[in-house]
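Right, one structure below, let's go through it.
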Amino acid sequence: MSKINTPAMEKLKKKNKYNESGVSTPGKEAWKRLRRNKTAMAGMLIILFLLAVAVLADVIAPYGYRDQDYSAVMQPPSAAHLFGTDNLGRDIFSRCVYGARYSLPIGVICVLIGLVIGGGLGLVAAYFGGHTDNIIMRIIDVIQAIPSTMLCIALVAILGNGMWQLIVAIAAGSIQGMTKSVRAAIFMVRNNEYVDSSKSIGVSDGKIMLRHLVPNAVGMIVINAVGGVSSNILTISTLSYIGVGLVSPTPEWGAILSEGKTYMTVAPYMVLYPGLMIAITVVAFNLFGNGLRDALDPRMK
Amino acid sequence: MTKYILKRILYIIPVMFGVIVVVFLMKAATPGDPVLELLPATATEEQKDAMREELGLNDPLPIQFVDYVVGIVTRGDLGTSYKTKQPVMTEILQRLPNTLIVAVLAMALSQVIATPLGILAAVKQNTWIDNLIVFFTMVGASLPTFWLALMLIDLFSVRLHLVPSMYNGTVAGWVLPIIVVSFGAISQTAKGVRTNMLEIIRQDYIRTARAKGQKESIVIFKHGFGNTLIPVIAGIGSGLSGQLGGALIVETVFAIPGVGKYVADAVTARNFPAVQGGVIVLAFICTIISILVDVMYTVADPRLKTNLMAPAKKKKSSKAAAANGGA
C-alpha cells in the first residue's frame with residue numbers, strides 16, 4: 001500500500017483533480033486553460049490591481065487631483081512626489097491614480113453600449129439573414145467607410161466636451177466592429193440542429209437568439225469585448241490628448257499628457273508617467289484578451 | 001473577374017452617398033449659426049441675412065442636402081472654410097500628399113519589418129524567439145501613438161539631436177513620423193503572418209518538400225512564404241486606412257501640414273465645412289483602398305476567385321470566413 005503514495009502518484013492525482021470533481025463545463029475548461037496561461041493571468045492581475053487603484057484612489061493618492069502647490073512647481077520625481085509635479089504644482093502621481101477612475105470605467109461602459117447596440121444588430125442580421133442582413137450590413141458599410149478616429153472626433157465636435165459626449169462618441173465608433181464580429185460568431189452557430197429543432201417546436205425568434213445562439217457564441221463575443229476595452233482606452237486618451245473629450249482639470253491620462261507636452265523638454269516626467277499608465281493598462285487588456293482567445297476560441301483547441 | 005471588380009467599384013456610389021448623408025446630418029445637428037463664424041462680429045443684420053441666403057441656409061434641409069450632394073458631384077465643392085474663406089477641397093488637396101507620404105512609407109517600412117518577424121516567430125514556434133516577437137509586437141500596438149511620438153522626439157531630437165522634432169520639409173523630418181506610424185501596423189501584420197505561416201507549415205506540400213530533402217530555407221521561403229501574402233495584404237489595407245484615420249494624431253504631434261491636422265484644427269476651431277470635407281475625402285480614399293485590397297486577395301490567392309464568382313449567398317459566408325481568418 002505504501003507504494004501508492006509515491007511522489008509520481010501524488011502528481012498524477014493532482015493532475016486529475018478536475019476529472020475527479022466530476023462535471024466539466026465549457027466554462028470550467030476555459031478557466032482551466034486560462035489559468036495555465038501565465039501571461040494572461042499577469043494581464044488579469046494588472047487589471048484587478050488597476051481596478052483596486054481606481055476604487056481606493058482616495059486612500060492611495062497622497063494629494064488631491066486638483067490640489068495646487070505653487071511652492072512646488074515642476075518638481076522632478078522625488079519621495080514626496082513620486083512622479084513629480086506639474087506646472088501648477090499638482091502631484092502627477094495622485095493625478096495618475098485618479099486617472100484610473102476615468103479610462104477603465106469609460107472603456108468598459110463604451111464596450112457594453114457598443115455590444116448591446118452593435119452586437120444586437122449583428123445578432124439580428126445573422127439570425128434573420130436575407131434582406132434584414134443586407135440592410136443592416138449596408139448601413140454598417142457606410143459607418144465603416146469613415147475612419148473610426150475621425151468619426152469619434154467629428155461626433156465630439158458636434159456634441160461638445162464632456163464625459164457623456166465622449167462615451168456616446170466612442171460607443172458609436174465601436175458599433176460597427178461589434179456588429180461585424182458578433183455577426184460572424186452567430187453565423188458559425190446558427191445552422192446547428194438545435195436551432196432548427198427549437199423552431200420546429202415553436203420557440204420564438206427572440207428566445208432562440210438569446211437562449212440558444214448568444215450562449216453558444218459567447219466565447220467570440222467576450223474575446224471581442226476585451227479587445228474593445230483596450231482600443232477604447234487608447235481612443236479615450238487620444239481624444240483627450242487632442243483636446244476634445246475630457247479636458248483639464250479632469251485627471252484623465254490623455255488629458256494630463258496633453259497638458260504636459262508643452263513642458264516636455266524641461267519636464268519629460270509630465271509626459272512619461274501618464275503615458276506609461278495608458279500603455280500598461282492597454283498591455284494588460286491585450287495580454288488578458290490574447291489569453292482569452294487561446295482559452296475560448298474553439299479553433300485553437 | 002472584371003464583373004466582380006466593376007461591381008465593387010459601383011458599390012462606392014451608395015457607400016459614399018451614405019457617408020455624405022451621415023456627415024450632412026452631423027452638420028444639421030450641430031448647434032450654432034455658421035454665418036456668425038463667417039462674418040466679422042461687426043456685420044449688420046442685413047449682411048447676415050444676405051449671407052444666409054447666399055449659403056442656402058434659409059432653404060429646407062432636404063433642399064440643402066440636394067445642393068450639397070450636387071455641389072460635391074458636379075464641382076467637387078465641399079463648401080467654404082470658415083477660417084480661411086477658401087474652398088475646402090482646394091485646401092485638402094494641398095495637404096493630401098503629405099498625409100499619403102507618411103501613410104505609404106510607414107506601411108512599406110512596417111511590412112518590411114513585420115513579414116520576416118512573423119515568419120521567424122512561426123518557424124521558431126513556442127521558443128523564446130517566438131515569445132519575444134509576440135510580446136514586443138503586442139506591446140508596440142499597445143502604446144498610445146501620441147505618447148510614443150513624444151518619447152521618440154524627446155530621445156532622438158531633444159537629447160541626441162539626430163532628427164528634427166517637427167516637420168520642416170526636409171527628409172530627416174519625415175523619419176520619426178514614419179517610424180511612429182509603422183509601430184501599430186507591424187504588430188498586426190506580424191501576428192497575421194505568424195498565424196498563417198503556422199497553418200501552412202503543417203500542410204502536406206511542406207511535408208513533401210521536406211521529405212524529398214529540400215533545404216529548410218527553400219522550404220520556408222519558396223513554398224511557405226508565397227502563401228503568406230494574404231495577411232500581408234490585409235495588414236497593408238487595414239494599416240493604410242487606420243493610418244489615414246489616425247493621421248491627425250501623428251500630424252498634430254509633428255506639426256505636419258496634412259489632412260489629419262487640417263481636420264484636428266478644424267474641430268477645435270469649430271470649422272465644420274473643413275471637418276466634413278476631411279471626413280468625406282478620407283472615407284473615399286479608405287473605400288478605394290478596401291476595394292484594392294479585395295482585388296489583391298484574388299491575385300494573391302486565386303482560390304478566392306471561385307468564391308467571389310459564386311452566387312451572392314455563398315459569397316457572404318466566404319467573406320465572413322476570410323474576415324475571420326484575417327482577424
Fill in the blank from the handout: Any residue on another chain or 5+ positions along whose placed amide H is under 5 Å from the amide H of A:THR85 is listed here as A:MET74, A:GLN75, A:ILE92
Exercise for the section: Describe numerically, in nm with one decimal, the distance between label points set 7 Å from Cα along Cα→Cβ at B:THR268 and at B:MET1. Expected result: 4.9
Problem - Hydrodynamic radius by Kirkwood, which averages 1/r over all alpha carbon pairs of the range B:2-75, in angstrom - result: 14.7
Handout entry: Magnitude of the charge dipole, the protein assembly as shown, Cβ model with Lys/Arg +1 and Asp/Glu -1, debye to 20
Key = 3540
Practice task
Could you pull out the trypsin sites (Lys or Arg not before Pro) across the range B:165-204 that fall in loop regions by DSSP (anything but H, G, I, E, B) with no more than 10 other Cβ atoms inside 10 Å?
Solution key: B:ARG202
Fill in the blank from the handout: Comparing A:PRO62, A:PRO76, A:PRO147 in a Gaussian network model of chain A (Cα, 10 Å), the one with the largest mean-square fluctuation is A:PRO147
Problem - Amide N of the range B:86-112 lying under 20 Å from the label point, which is placed 7 angstrom from the Cα of B:LEU160 along Cα→Cβ - result: B:106, B:109-110
Exercise for the section: Among B:MET151, B:VAL299, B:PHE284, flag the residue with its Cα farthest along the positive direction of the charge dipole of chain B, charges on Cβ as +1 for Lys/Arg and -1 for Asp/Glu. Expected result: B:VAL299
Handout entry: Charge-dipole axis of the protein assembly as shown as Lys and Arg at +1 and Asp and Glu at -1 on Cβ define it, positive-most pick from A:LEU257, A:ALA30, A:ASN286
Key = A:ALA30
Problem - Cα gyration tensor, chain B - rounded (a/c under 1.5), prolate or oblate - result: oblate
Problem - Test item: Cα-centred dipole of the range B:2-75, Lys/Arg +1 and Asp/Glu -1 on Cβ, debye - result: 880
Practice task
Pop out the ³J(HN,Hα) list for the range B:168-182 in order, Karplus 6.51 cos²θ - 1.76 cosθ + 1.60 with θ = phi - 60°, rounded to Hz; leave Gly and Pro as x.
Solution key: 9, x, 8, 4, 4, x, 7, 4, 5, x, 5, 4, 4, 5, 5
Exercise for the section: Evaluate peptide A:135-144: per residue, the Cβ atoms of other protein chains within 10 Å of its Cβ; return the mean as an integer. Expected result: 4
Handout entry: Amide proton proximity set for B:THR80, modelled H, under 5 Å, gap of 5+
Key = B:VAL88
Fill in the blank from the handout: Given a Förster distance of 45 Å, the FRET efficiency implied by the Cβ-Cβ spacing of B:ASP301 and B:VAL175, rounded to the nearest 0.05, works out to 0.80
Practice task
Mind putting a number on the dipole of chain B about its Cα centre? Charges go on the C-beta only, +1 for Lys and Arg and -1 for Asp and Glu, and I need it in Debye to the nearest 20.
Solution key: 2080
Handout entry: Average beta carbon contacts from partner chains per residue of B:144-155, 10 Å cutoff
Key = 6
Practice task
From other protein chains only, count the Cβ atoms within 10 Å of every residue's Cβ in A:234-244, then give the mean.
Solution key: 4
Handout entry: Charge-dipole axis of the range B:2-75 as Lys and Arg at +1 and Asp and Glu at -1 on Cβ define it, positive-most pick from B:VAL22, B:THR44, B:TYR68
Key = B:VAL22
Completion exercise
Along the range B:120-128, Karplus-curve 3J(HN,Hα) (6.51, -1.76, 1.60; θ = phi - 60°) to the nearest Hz, with x for Gly and Pro, reads 4, 4, 5, 5, 9, 3, 6, 9, 5
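All of the numbers you see were taken from the coordinates with simple rules; none came from a lab. What you are looking at is a predicted structure, and each value in this text was computed from that prediction instead of being measured. Ideal geometry is used to build each Cβ from the backbone, glycine not excepted, and the neighbour counts take in all protein chains shown.
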